[in-house]
């Protein structure tokens, strides 16, 4: 919606930025301005200033600055319209909305009034629960047993709902007020005309929205009652599919740490805050949704999901993957952390320490890797049936990704694993028109993308050491290619680079084949033999062809004459040799190098994928 500029100016002229900021930041007068600790980054010495004369805030530490609307956008991660509406509501101003009918505006105003009333009712109940906590040794003992300090309990507003069926009647004299049922605090049994408290004998966790308003509760039973965990029902102010526990409390820490850690329960959030990880939030007894992910990306571009390592945790992670895929743009990162089955975040940190958990977080599985794992789960990639199953699994996952480099790269990865070309995958998924020509011919025109491998001058570029076993495999590939260089197009872009970057004379021979192919297309050995005269690798090429007496001199050899699997098997072996060398190099990096673990992890996974391909049947 478009908001008139004159209304915005009028709103800013009425608003007091010191009052707005002061509700969230402790400010002290310092000359003409007010000073405080910046809410957008961690600091011990105040560098955040608010000017009442200019109605402006500025942080000399991180550079954040703006007016009252800008502060609400930055601090509460609101969009512009939300911030204007919120600020206008604080000063009793009605935002012009000429595109809505009077009836719609009246309904919206009534809904806002109802939401505010319900939030007030819930806040009053929360104050009562906090008071009851101070008088309950059992509830205090529970929190102390979980290592929760008084400071953390106050920060999260923890409380206790006593055992009585109508405890809230002492808080709300009109116990039959419909608002108590509408807010989810009281259950009404219409048939028996009875009312009773929803939460009884439970430690209470208030759920707040991004503005800090209480919109619901989560409760954990202290005795043997069921269910063990209980949340508020869906209400006009609370929807568990959209809200995240602890997000209000974690806002500043998320900015400071640079990422948010998503856990499975509110006690995980409280325990992590106690143990030095205040940037954690939790879903509320439901799978992670796209609404959750969208809300998280309003606060940070880096999200790490933490799950138990058991089967239930893997299923929850799979649902979180579905929720994250539509928002996995090239500028964002999503990772998945799987704890050992016997641990939750609290127990893991207490047993292994903060640094071990922080290292575990850094080593979390990237979204791209987890997507490939999810697509291949239960699929034997050594068989055509298994690869077909993987392709079917991958389609709905890949389609959810937004357009960008990540989506294109994953298409290439899936194509490699399926032994098909990217365009063939898109054809199978109904996303591209069929290309003309046989599938084998198309694969020679396409591997890992539409563009052909770029022409390069032979004898140039970085060189890789080559071991005896890889020499034999490279010479097998060369023998096949020298029969007819048209087969060069059947290799992937990664294959081209690897072969051309081998040490001479092998790398130079493959670079020469690449150059000849781009200049002349596919050529039989009779033509190649003449062109080889005077080349430093001519003896190598002639020796390799002499080993194969089956080579016809005057015609081009077709792919089906030698079997595509033979060439692919040779290439997989050469790639395995190269990856093993990279693993050796990465292992020699200092233990303190932050990239060492991630590099080894990436290389090991690539090695495992190649080993799977090496076991695939050849044709």
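We did not get these values from a lab; they are worked out from the coordinates using the rules stated. Keep in mind it's a predicted model, so treat the numbers as computed, not measured. For neighbour counting, all protein chains shown are included, and Cβ atoms are generated from backbone atoms with ideal geometry for every residue, glycine included.
What are the principal axis extents of the Cα atoms in the stretch 233-284, in Å, biggest first?
Largest first, the stretch 233-284 extends 33, 20, 13 Å along its Cα principal axes.
Sort all Cα-Cα distances of the chain into consecutive 10 angstrom bins from zero, then give the percent of pairs in each bin up to the one containing the longest distance.
With a bin width of 10 Å, the distribution comes to 3, 13, 19, 19, 16, 12, 9, 6, 3, 1, 0.
Run the helix sum for the chain: -39,500 (n - 2.57) per DSSP H stretch of 4+ residues, divided by residue count, reported at 222 nm to the nearest 500 deg cm²/dmol.
-15000 deg cm²/dmol
Label-point separation (nm) for residue 469 and residue 597, each offset 7 Å from Cα along Cα-to-Cβ?
Rounded to a tenth, the inter-label distance reads 3.0 nm.
Whole percent per 5 Å bin, from 0 to the bin with the longest distance: what is P(r) over all C-alpha pairs of the stretch 247-363?
The distribution over the stretch 247-363 is 2, 12, 24, 27, 22, 11, 3, 0, given as percents.
Determine one quarter of the surface area of the Cα convex hull of the stretch 5-90, which equals its mean projected area, and express it in nm² to one decimal. The partial results should precede the final answer.
Working: hull surface 21.6 nm².
Projected over every direction and averaged, the Cα hull of the stretch 5-90 covers 5.4 nm².
For the chain, give me the percentage of DSSP beta bridges that are antiparallel, rounded to the nearest 5 percent.
Numbers: 34 of 48 bridges.
Among the beta bridges of the chain, antiparallel pairing accounts for roughly 70 percent.
Based on alpha-carbon atoms only, what is the radius of gyration of the stretch 62-215 relative to the globular estimate 2.2 N^0.38 Å? Present the calculation step by step, with values, prior to reporting the outcome.
Details: Rg = 19.5 Å, N = 154, 2.2 N^0.38 = 14.9 Å.
Dividing the Cα radius of gyration by 2.2 N^0.38 Å gives 1.31.
Please give, to one decimal in nm, the separation of the simple spin-label points placed at residue 352 and residue 431, each 7 Å out from Cα toward the Cβ.
3.5
Roughly speaking, what is the stretch gain from residue 301 to residue 6, that is 0.36 nm per residue apart minus the C-alpha to C-alpha distance, in nm to one decimal? Don't jump to the answer; show the numbers that get you there.
Numbers: separation 295, 0.36 × 295 = 106.20 nm, distance 3.39 nm.
Gain in length upon complete extension: 102.8 nm.
Which stretch or stretches of the stretch 1-23 have amide N atoms under 11 Å from the point lying 7 Å from residue 93's Cα along the Cα→Cβ direction?
4-16
Would you please give the FRET efficiency between residue 47 and residue 533, computed as 1/(1 + (r/R0)^6) with r the Cβ-Cβ distance and R0 = 56 Å, to the nearest 0.05?
Values: r = 74 Å, r/R0 = 1.32.
Computed FRET efficiency for residue 47 and residue 533: 0.15.
Between residue 124 and residue 584, how high is the FRET efficiency from 1/(1 + (r/R0)^6) when r is the Cβ-Cβ distance and R₀ = 45 Å? Nearest 0.05. List each step's numbers first, then the result.
Details: r = 65 Å, r/R0 = 1.46.
The value I calculate is 0.10.
Can you tell me the FRET efficiency between residue 55 and residue 106 if r is taken as the Cβ-Cβ distance and R0 is 25 Å, rounded to the nearest 0.05?
Numbers: r = 32 Å, r/R0 = 1.30.
Efficiency computed from Cβ-Cβ geometry: 0.15.
Relative to the present Cα-Cα distance, how much length would full extension add between residue 286 and residue 341 at 0.36 nm per residue of separation? Walk me through the numbers on the way to the answer.
Numbers: separation 55, 0.36 × 55 = 19.80 nm, distance 2.00 nm.
17.8 nm is the gain from fully extending residue 286 to residue 341.
What is the extension gain from residue 615 to residue 191, computed as 0.36 nm multiplied by their sequence separation minus the C-alpha to C-alpha distance, in nm to one decimal? Spell out each step's value before the answer.
Values: separation 424, 0.36 × 424 = 152.64 nm, distance 6.67 nm.
Extra length available between residue 615 and residue 191 comes to 146.0 nm.
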